[in-house]
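Report on the following structure.
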Amino acid sequence: MDRDAERDAIVAASWQKVRDDGRVRAELLDLAYAEPRLRQLFVWTGMAELHFSRCTRGRWTWDIPFILSEYGGTYFVWGPSRNESVGRVATAEEAVALVVERLPEGCGPAFLGTPEELAAHEGRHAS
């Protein structure tokens with residue numbers, strides 16, 4: 001299997017795992033998956049949080065905001081770090097839009113590897 005196919009398989013499996021674990025509302029997951037810029041990223045959950053990573057191997061990147069599904073149907077967008085608040089919104093559509101607006105420059109398909117390997121790869125191609 002070539003690297004792109006391996007990456008695509010890992011990313012697809014991450015979306016399926018999040019769907020299967022049930023910790024994120026299906027509506028939010030469906031809308032995030034429908035957004036091509038998010039669908040190409042590795043996803044994972046923490047409690048009722050939907051996280052996105054630019055790499056396929058842990059520890060994950062923390063440079064993309066994440067979405068918390070709140071009790072009562074609202075959503076709170078944090079990030080990219082846990083101490084940075086983006087804001088509370090009423091709909092999953094608004095939450096996904098806030099994340100997309102804040103994607104890092106040049107955020108493309110997930111990188112097959114760790115955050116350290118991603119940083120080294122980007123350093124080689126930065127000039």
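Nothing in this text is a laboratory measurement; each read-out follows from the coordinates by a stated rule. Since this is a predicted model, take the numbers as computed values, not measurements. Cβ atoms come from the backbone with ideal geometry, glycine included; neighbour counts cover every protein chain shown.
All other residues whose Cβ lies under 15 angstrom from that of Trp44 are scored, Lys and Arg at +1 and Asp and Glu at -1, for a net of +4.
Full extension of the chain segment joining Ala12 with Trp62 gains 16.0 nm, where the gain is 0.36 nm per residue of separation less the Cα-Cα distance. Sorting the Cα pairs of the range 29-92 by distance into bins of 5 Å, from 0 upward, gives 4, 17, 29, 27, 17, 5, 1 percent per bin. Given their separation in residues at 0.36 nm each and the Cα-Cα distance between them, Glu70 and Ala48 gain 7.1 nm when the chain is fully extended.
Extent of the chain along its three principal axes (Cα atoms, max minus min coordinate, largest first): 45, 30, 22 Å.
Dipole magnitude for the chain: about 220 debye, using +1 per Lys or Arg Cβ and -1 per Asp or Glu Cβ, origin at the Cα centre.
Where in the range 1-38 does the label zone of Ala120 land, with the point 7 angstrom along Cα→C-beta and an amide N cut-off under 18 Å? Within reach of a label on Ala120: 3. For Cys55, the residues whose amide H sits under 5 Å from its own are Phe42, Thr61, Phe111, ignoring neighbours fewer than 5 places away on the same chain, with H placed 1.01 Å from N.
Using R0 = 25 Å, the C-beta based FRET efficiency linking Glu101 and Asp20 works out to 0.30.
Rounded to the nearest 5, what % of the DSSP beta bridges within the chain are antiparallel ones? Close to 95 percent. For the chain, the longest principal axis of the alpha carbon atoms and the long axis of helix 92-101 meet at an angle near 40°. Gain on full extension, evaluated as 0.36 nm per residue between Arg3 and Glu27 minus their Cα-Cα distance, stands at 5.5 nm.
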